[in-house]
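These notes are about the structure you will find just below.
The values are calculated or read from the model by the stated rules, or taken from the named source; none is laboratory data. Note that this is a predicted model, so its numbers are computed, not measured. Virtual Cβ from ideal backbone geometry, glycine too; neighbours counted across all protein chains shown.
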Amino acid sequence: MPVNPVPAAAPVSLKANGIHALAPIFDLVADDFAAVNALIPRELTSDVDLVEEISQYIVESGGKRLRPLLVLLGTRCCEYSGTRQLKLAAVIEFLHTATLLHDDVVDHSSLRRGRKTANALWGNSSSVLVGDFLYSRAFQLMVDLDNMSIMAILSDATNTIAEGEVLQLANIGNTGLSEAAYMEVIRCKTALLFQAAAHTAAVLAGASADEVQALKHFGLHFGLTYQLVDDWLDYAGDTRTMGKKVGRDLAEGKLTLPLIQALKTAPERQVNLIRTSLKTKSNEHLDEILTILNGCDALHYTRNAATHQAGLAIDCLTDLRDNEYRDALTTLTRYSISRLS
């Protein structure tokens, strides 16, 4: 895969140390972000105690809220001066949180961000239904925005994200999945909400057609970058720093880019081991598979794929106004790939 070189780094530390590396970026929209954080719990009120309890637990679970951040940076980059970006950011966060609840049920996950998942604490049925509540609350807030273009973008994105989840489920254990087909899965499942966040920010701001397209495509490539880095971390990271188990994709029978590349380049005996592990959803031979991935440069290939997408994302920003918010989007992209270190 060709690699788009990422331009020289901005003068800010991007060591992959979580939220602290992003502090200068969050500082740019500190007031907006504080307002979003105050709005979210207000919009999660319910007459049903369990709905409120689970909703509050999941939204307070320590995520970086990068998708709402894209909304805030995107609107400010396009010089929007209103306040509706706060509600839009909350909508994006509710949609993301709903997908997390459903994902954890489908994947039988017990740990996310270093904490027990909602389904581990309250059961699958409650988690699915509260996910539905968050989807419906998000659409109530969309109506309040009173913008049909934004409604169309987000409703289409939500539908495609659901298709992506089903597509991923249908490919569990499918050792014949191609790289192109996998890129389509992660476009639908992961990248599309990042794209929708950036795209709707530009629409809300009343940006020019070129700026709308620039932010839309930036969000797509940023989202692909983020997922490809996660693919790499699942085999090259560690449980303590990630807040989830290493090799989880293998144990769930999910074929991600490192394994796709290994199946194309590793010796037959090693390929058979990977195929058997995927089909049986077993990480019993994880250490051996990690050796295989390093030996055939599959992890290096995945790093290059992530770096390529990051370069494409940064290239998209050249059509935006030259201000500190555009610079922050560049730095945010650099942060994403800094997690590869």
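Structural remarks
- Single condition L329 does not satisfy, out of (1) over 21 Å from G253 (Cα atoms); (2) more than 17 Å from the chain's Cα centre (by Cα): (2)
- Any pair with Cβ under 6 angstrom, 6 or more apart, that starts in region 111-133 at a residue that is part of a helix (DSSP H, G or I) and ends at one that is of a type in the set (F, W, Y) and surrounded by fewer than 15 Cβ atoms within 10 Å (Cβ to Cβ): none
Conditions (1) crowded, with 17+ Cβ neighbours inside 10 Å; (2) at pLDDT 90 or above, marked per residue:
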site	(1), (2)
L100	yes, no
L145	yes, yes
E163	no, yes
A196	yes, yes
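- Given (1) in a helix (DSSP H, G or I); (2) more than 17 Å from the chain's Cα centre (by Cα); (3) buried (at least 18 other Cβ atoms within 10 Å of the Cβ); (4) not acidic (D, E), number of the condition L192 does not satisfy: (2)
- Among the residues listed as R334, R321, R248, R303, the single one being within 20 Å of the chain's Cα centre (by Cα), basic (K, R) and closer than 20 Å to A214 by Cα: R334
- Selected residue (criterion: surrounded by the most Cβ atoms within 10 Å (Cβ to Cβ)) from residues of region 19-69 that are in contact with a Pro (Cβ under 8 Å, 6 or more places away or on another chain) and not polar (S, T, N, Q): V36
- When E179 is tested against (1) within 27 Å of W232 (Cβ to Cβ); (2) buried (at least 20 other Cβ atoms within 10 Å of the Cβ), exactly one condition is not met: (2).
- Selection status of R113, modelled with pLDDT under 90, of a type in the set (D, E, K, R) and out of contact with any Cys (no Cβ under 9 Å at 6 or more places or on another chain): yes
- Residue count for region 203-214, restricted to those that are without any contact (Cβ under 8 Å) to a residue 24 or more places away in the chain and part of a helix (DSSP H, G or I): 2
Here's the yes/no breakdown for (1) under 25 Å from T75 (Cα atoms); (2) among the aromatic types (F, W, Y); (3) part of a helix (DSSP H, G or I):
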{"residue": "L141", "(1), (2), (3)": "yes, no, yes"}
{"residue": "I153", "(1), (2), (3)": "yes, no, yes"}
{"residue": "A157", "(1), (2), (3)": "yes, no, yes"}
{"residue": "L177", "(1), (2), (3)": "no, no, no"}
{"residue": "I186", "(1), (2), (3)": "no, no, yes"}
{"residue": "A196", "(1), (2), (3)": "yes, no, yes"}
{"residue": "A201", "(1), (2), (3)": "yes, no, yes"}
